[in-house]
Amino acid sequence: MNVVFVCPECGQRAVATSVEQGEAFPCSQCGSQLAVPTAAIVPGEADGPPRLTRCLVCPSTELFVRKNFPQRLGVGIVVAGLGLSCVSWAYHEMLITFAILFSTALLDVMLFFLVPECLTCYRCGARYTGPGITERFGGFNLETHEKYRQQAARRGQSSAAASGE
Ligand SMILES: [Zn+2]
Ligand SMILES: [Zn+2]
């Protein structure tokens, strides 16, 4: 099981691999050890892969399944396709224009089906990947997302008030 997270110690984006194998895992940026909370990782049924019950980085137990697809890559492909098709359009190459638009759309769809799913924490955005990891959890829920977004906004407000701003 691998995790991409924002380290609570150094605030940088870090990765950790095989986090299910120990009681703690190190931040790849600053090296500080993050303890795995008790019962956060439970053994899978019938020799299956271990399961995650909560986020390892923050206290949240709510996680959602999504495609581990870098959104910027998807958008980049579409933009590149549009740019190229504008060039061929300017040269009145209709067939090439449509071929470019069609193939970039197809490429996006193919990538979407090829990339694996990952588990994302609503609260801190940590992303977990690994075999069988998504089994216990459902897809994105806007209500849950909204709840955490508002909590985060309130935390921001109260810390601003505490610092006298
Ligand atoms: Zn760190
Ligand atoms: Zn979290």
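Just so you know, all these numbers are worked out from the coordinates, no wet-lab data involved. Predicted, not measured: the structure shown is a model, and the values here were computed from it. Every residue, glycine as well, gets a Cβ built from its backbone with ideal geometry; the counts of neighbours run over all protein chains shown.
Tell me whether the stretch 52-70 contains one or more residues that are surrounded by 15 or more Cβ atoms within 10 Å (Cβ to Cβ), assigned to a helix (DSSP H, G or I), within 16 Å of ligand 1 (Cβ to nearest atom) and not small (G, A, S). No; the residues of the stretch 52-70 include none that is surrounded by 15 or more Cβ atoms within 10 Å (Cβ to Cβ), assigned to a helix (DSSP H, G or I), within 16 Å of ligand 1 (Cβ to nearest atom) and not small (G, A, S).
Residues of the stretch 23-51 that are loosely packed, with under 12 Cβ neighbours inside 10 Å and more than 16 Å from ligand 1 (Cβ to nearest atom): E23, T38, A39, P43, E45, A46, D47, G48.
Enumerate the pairs (first residue in the stretch 48-67 and touching a residue at least 24 places away in the same chain (Cβ under 8 Å); second residue anywhere and among the charged types (D, E, K, R) and within 11 Å of ligand 2 (Cβ to nearest atom)) with beta-carbon separation below 6 Å, excluding pairs fewer than 6 apart on the same chain, so at least 6 apart or on different chains. So the pair list comes out as C58/R123; S60/R123. Inside the stretch 17-37, residues that are free of Cβ contacts under 8 Å to residues at least 12 places away in the same chain and within 16 Å of ligand 2 (Cβ to nearest atom) make up a count of 0.
Can you say whether I100 is surrounded by 17 or more Cβ atoms within 10 Å (Cβ to Cβ) and farther than 30 Å from R51 by Cβ, as far as the supplied structure shows?
yes
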